1. Filter Lys9/Lys169; Lys36/Lys117; Lys41/Lys156; Lys41/Lys91; Lys3/Lys48 down to the pairs with a C-alpha to C-alpha distance above 26 Å, please.
2. Figure the gain on full extension for Asp71 and Lys156 (residue separation times 0.36 nm, minus the Cα-Cα span) and round it to one decimal in nm.
3. Could you give the dipole magnitude of the chain about its Cα centre, charging the beta-carbon of Lys and Arg +1 and that of Asp and Glu -1, in debye to the nearest 20?
4. Using packing as a proxy for protection, rank 101-113, 4-16, 77-89 so that the peptide with the highest average count of other Cβ atoms within 10 Å comes first.
5. List the relative contact order of the range 40-183 as a percent without decimals, with contacts defined as Cα pairs under 8 Å and 6+ residues apart.
6. So if each residue of separation counts as 0.36 nm, and I subtract the Cα-Cα distance between Gln140 and Met86, what length gain in nm does that give?
7. Per residue of the range 26-31, what does 6.51 cos²θ - 1.76 cosθ + 1.60 with θ = phi - 60° give for ³J(HN,Hα)? Whole Hz please, x for Gly and Pro, Karplus curve as stated.
8. Can you compute 3J(HN,Hα) from phi for each residue in the range 9-18, using the Karplus curve 6.51 cos²θ - 1.76 cosθ + 1.60 with θ = phi - 60°, rounded to whole Hz and x for Gly and Pro?
Amino acid sequence: MTKIFLFQKDPDFSLEYALQKSLHLFNPDFNFYTVKLEHQKSGQPYLKGVPYTISISHSGTFWGCALCDCDKIGFDIQIIEQNREMNSIAKRFFHPAEYSHLCRTQFSDFFSIWTAKESYVKYLGSGIDENFCRFSTVNQNGFLPAINGTALYPIKWNSSYRIFCCGGKSTPFFYNFAQKKGC
């Protein structure tokens, strides 16, 4: 089971509260008050002493996490901000199939590709490195349902953001605790 929790980072936002609420909704029987968020040497977060996997992301005024009862999960959220550098970023960091797709679509899927790729490298625990351009999230027909056999889930939420989850055993449940107008 995979669940995604999204919160708005407002003046009252608390990472501790967001984690506790997420863990409680993931498993109401679990004693989430004793949970500590730790980081591996690679920077990847994990929950010490908990049989669940976590992936965390934030962008703009939103913070979110994906919790899973599986070995690995990757989650990313990205605000869409038009950037003159999209072409050079895509040439440097994207797979040739992704760059070709962007050229065909006038770069309209740039943030979707970026977010899908980040969710996958978070799943792998590797981050953005020299291998970031060695895998593709698209083919000639559009977005792939999986990368190297690992499921890739786009999450529809807000037209100003892109959210992807990578891994897990089934389509993630999405819990939106963000109170932004227009969402």
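1. Lys9/Lys169; Lys36/Lys117; Lys41/Lys156; Lys41/Lys91
2. Gain on extension, Asp71 to Lys156, equals 28.1 nm.
3. 220
4. The packing order, highest mean first, is 101-113, 4-16, 77-89.
5. The normalised contact order for the range 40-183 reaches 24 percent.
6. My answer for the length gained is 17.4 nm.
7. So the J values, rounded to whole Hz, are 5, 8, x, 8, 8, 7.
8. 8, 9, x, 8, 5, 9, 4, 4, 5, 4
The values are calculated or read from the model by the stated rules, or taken from the named source; none is laboratory data. Because the structure is predicted, anything quoted here is derived from the model rather than measured. All Cβ positions, glycine included, derive from the backbone under ideal geometry; neighbour counts span all protein chains shown. We work out accessible area using only protein heavy atoms, side chains counted, and drop any ligands, DNA or RNA first. Shrake-Rupley method; radii C 1.70, N 1.55, O 1.52, S 1.80 Å.
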